[in-house]
Amino acid sequence: MRDLLINRLTRLLCVKSLVTLALTAVFAVLALRGEVGQDFMTVYTVIIAFYFGTQLERATQKGSGGG
């Protein structure tokens, strides 16, 4: 259980996760202020889709024994 927690924390600190978390924080602040622009929304959507898409692909490969 402890090894699982440590593994998840180390993965959380990878650059991709940090960028996603920082961008989500900025999005939350802008949304609360009502200042979310169309350009920012497009960039945010692409980055979030990429992040979760890679997570899904990794889980699919792990489940099928492909990686």
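The values are calculated or read from the model by the stated rules, or taken from the named source; none is laboratory data. Please read these numbers as outputs of a predicted model, since none were measured by experiment. FYI the Cβ positions are ideal-geometry reconstructions off the backbone, even for glycines, and counts take in every protein chain you see. SASA here: full protein model, heavy atoms, side chains in, ligands and nucleic acids out. Shrake-Rupley method; radii C 1.70, N 1.55, O 1.52, S 1.80 Å.
A full extension of the chain between Leu13 and Thr45 corresponds to an added length of 9.4 nm, given 0.36 nm per residue minus the alpha carbon distance.
Apolar share of the accessible surface for region 18-67: 68 percent from carbon plus sulfur atoms, 1.4 Å probe.
Which FRET efficiency value, to the nearest 0.05, is calculated for Gln55 and Ala22 with the Förster distance at 22 angstrom and r the Cβ-Cβ distance?
Values: r = 17 Å, r/R0 = 0.79.
So, using R0 = 22 Å, E works out to roughly 0.80.
Please report, in debye to the nearest 20, how large the charge dipole of the chain is about its Cα centre when each Lys and Arg carries +1 at its beta carbon and each Asp and Glu carries -1 there.
320 debye
Count Lys and Arg as plus one, Asp and Glu as minus one, and take only other residues whose Cβ is under 14 Å from that of Asn7; the net charge is then +4.
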